[in-house]
Every structure is written in structure tokens, then in C-alpha cells.
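Working notes for the structure below.
FYI, it's all coordinate maths here, none of it is from the lab. Computed from a predicted model, the values in this text were never measured in an experiment. Ideal geometry is used to build each Cβ from the backbone, glycine not excepted, and the neighbour counts take in all protein chains shown.
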Amino acid sequence: MYEEFYGLREKPFNKTPDPRFLYQSAKHAEALARLQLAVEDQDIVLLTGDIGSGKTTLSRALIDSLDGSHHPMLIINPRLSPSQLLRTVALRLGMDDLTRYRHGILEGINAKLYELFEAEKRPVIIIDEAQLIPGKATFEELRLLTNFQLDDRNLLALVLIGQTELRERIDRRPYRALRQRIGMQYHLGSLDVDETREYVKHRLLVAGRETPLFDEQALTALFEHSGGVPRLINIIAGNALVEGFGKGVETIGPEIIESVVKDR
């Protein structure tokens, strides 16, 4: 709609977790580095952050960064019972003929993990929105999956990504056994005002715009109204482009930001 008017190849502020648009602030770069290190060490890593902080985009960037020696398994709807979790993992490992019995599925997973090890493949379970895992029993099943080990290495990596309450939950006493297995963790915070400016410029550049589109006052207003939360930045900035296009405005100023925020 407004892409041609503003010299863009595509919309720069879509809500989809496209890793091409990941702006690697110091926080996001460190989070991604920790995820990558944990995957290489085949460890358990916990990434938490507030709603809209960019966790899902980081998960996709992590997958994109893995080479052919990895076997990533992304679970985006973790509202699973223990048996559903095991079956999901088994299917993602390529196991088609599943028994009804837990012991048989676990034996099959163990055999498949060893087969992948022999083929020099590194399995990675990535669970997004992990705060939605319904109960302690499913978390316990995840912990038990990490028991598949050789003498000198783990046979899979586990990446748990979720909102702040996930960390609070795992810190409770009933989850102590899982918490002790977590080798690395990181909490993703919001962007500051300078990072917000760079975030907007980065997304515009990826979308094809090299010259500034938002003036400095507009970027300051965008930070003030979004609190530096990437999802809110996308919503406000995207709406600002629609309104600016409708008004025939070539540069987005603070009055456009104030207008779209008032209408939300």
C-alpha cells in the first residue's frame, strides 16, 4: 500500500518473526550468542523476556544460524501433556511407527539420538512460549529427556524460551531438579532510546529504504510511547506509515506518532 510511496520493497514493521529484520542490539546479540553456545555444548538454556521483546524472532534467528550438522525441532504450541510431548519429539526426530507405551517411545528416542550422534548430527529441541507448558509433569519429562547422555557429552540441546513468569516458575522448589540442569540463562530487556532509533533504521534498511524516514523527534516519541518494546515499536511505526501515506507526508514527524497513539 505505502511501500512504493516510501521507497520500500516490503513492509518494514510486520509482526511476523522474520530473522532478517532482527536488530542485534547489545542485548539481542548477547542473547543469541548464549543460545548458540548452549546449542554447541548441547546444554539446557533458558531465555526469558517481557511480551514483545523479540524472543520469538531470536528463536528463528537461532535456527537460521545453525548449519547442517544440527537437527532443530521447534515446538511453538507447548500446551502438551507428558505423553504428547514425547510423541511430538519422537515425530520431529523422524520416528513414524510409535508404540502406545511411554517406555517404548523413550527407547526409540534414545536409539534415534544415538543414531544422530553417529551421523554427527546435533539434535536441538527449541520450545517457544514455554510458560504455556501446562504442568510440572511435562517439565519433568523434558528434564528426563536430557538424561540421554554419553560419558563425555549430552545427546541433545534444550532451549526454553518464554515470558518472565517462566523464570519465576522454574525458580520454585518443585522445579529444582530442572533448574539445576540449566547451564545458561538470559533475560531479554527492552531497547533504550538510542537502540530504538537504530532498530527503526535497521528495519527500514532491510525493507529497502536507506535514507531517514522518521525524523529525530518522531523517533523520540516512538520510544516514549513504546517503552522500547519491539512489538509496540512495530505497531506504532507501522500505523504511522499508513497514516503518513494517507496524508501524503514524505517524512514522519512526531505529530503522526502522537496521532496514531491517540487512536489506538
Output ordering of 142-153, 210-221 (per-residue mean of other Cβ within 10 Å, highest first) is 210-221, 142-153
By the mean-Cβ-within-10 Å protection proxy, highest first, 179-190, 156-167 rank as 156-167, 179-190
XL table Lys15/Lys121; Lys15/Lys201; Lys55/Lys112; Cα-Cα > 21 Å flagged, in table order, is Lys15/Lys121; Lys55/Lys112
With R₀ set to 22 angstrom, the calculated FRET efficiency between the beta-carbons of Arg172 and Arg79, to the nearest 0.05, is 0.65
Debye calc, one equal point scatterer per Cα of the chain, no solvent, log10 I(q)/I(0) at q = 0.16 1/Å comes to -1.09
Nearest 10, in degrees from 0 to 90: the angle of helix 55-65 to the longest Cα principal axis of the chain is 70 degrees
Helix 193-206: inclination vs the chain longest Cα principal axis, degrees, rounded to 10, gives 90 degrees
With R₀ set to 22 angstrom, the calculated FRET efficiency between the beta-carbons of Arg92 and Lys136, to the nearest 0.05, is 0.45
So, with points 7 Å from each Cα along the Cβ direction, the Asp64-Thr16 label distance in nm works out to 1.2 nm
quick shape note, segment 191-263: Cα extents on principal axes in Å, largest first -> 29, 28, 19
To the nearest 10 degrees, the tilt of helix 254-263 (Cα long axis) against the first principal axis of the alpha carbons of the chain is 60 degrees
CD proxy, 222 nm, the chain: helix-only mean residue ellipticity via -39,500 (n - 2.57) per DSSP H run with n ≥ 4, per residue, nearest 500, stands at -15000 deg cm²/dmol
